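Only one structure is covered here, and it is reproduced in the block below.
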Amino acid sequence: MEEQNNTGRAKRGKGPAKRTPSIEIKLSAGDYIKFSELCRLEKKNRTEVARAAILRYIDKNAQEQADEARDRLAAILEEMHLDRKKDTERIVKLVVRTLIDIGTVQQVFFERASKEDRADLWTKARKQALERLQKKRKDGDPEATEIMKDAVSS
């Protein structure tokens, strides 16, 4: 197997040269003159300069594709974050409504009950609510069930 350099391409080394696929391109006369002058200034042959240019183009294209994929992923994650934020806001609104309802029920049933009946009424209502929850959680979370059992016994 060929050894590769850090770009993922086969290393050029000593030993017998392997025949690799070649390409042929056509340039306008003006571009050919500029290309030849560039090769002369860099003291490299046309094949080396053309190969380097093609490899830079391939690397740049791969980097652009990776950047686009990263940007798409970032957009998806941002959308998920916004959805989670909306869900949290919905839950908070539901909790607030529930607390308002509980306050209303407390006002109607507890505060308006006679002072002699309040403690007994509150204890019975709490016990029934916890027992109802305990039945619903029968096969659920053992820790939550234990907490409910403790609340019922207190």
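Working from label points 7 Å from Cα in the Cα-to-Cβ sense, the LYS26 to GLU42 distance is 2.4 nm. Take each peptide in 50-59, 109-118, count the other Cβ atoms within 10 Å of every residue, and average; sorted highest first, the result is 50-59, 109-118.
Per-residue Karplus couplings for region 57-70, computed as 6.51 cos²θ - 1.76 cosθ + 1.60 with θ equal to phi - 60°, are listed in order as 4, 4, 4, 4, 5, 4, 5, 4, 5, 5, 5, 4, 5, 5 Hz, Gly and Pro entered as x. Number of Lys-Lys pairs in region 21-116 with C-alpha atoms under 21 Å apart and a separation of 8 or more places or on different chains: 5. Working note: Karplus 6.51/-1.76/1.60 with θ = phi - 60° gives region 90-99 the couplings 4, 5, 4, 4, 5, 5, 4, 4, 4, 5 Hz, where Gly and Pro are set to x.
No lab work stands behind these numbers, since they all come straight from the coordinates. These numbers come from a predicted model, not from an experiment. Glycine also receives a Cβ, built like all others from the backbone with ideal geometry; neighbour counts cover every protein chain displayed.
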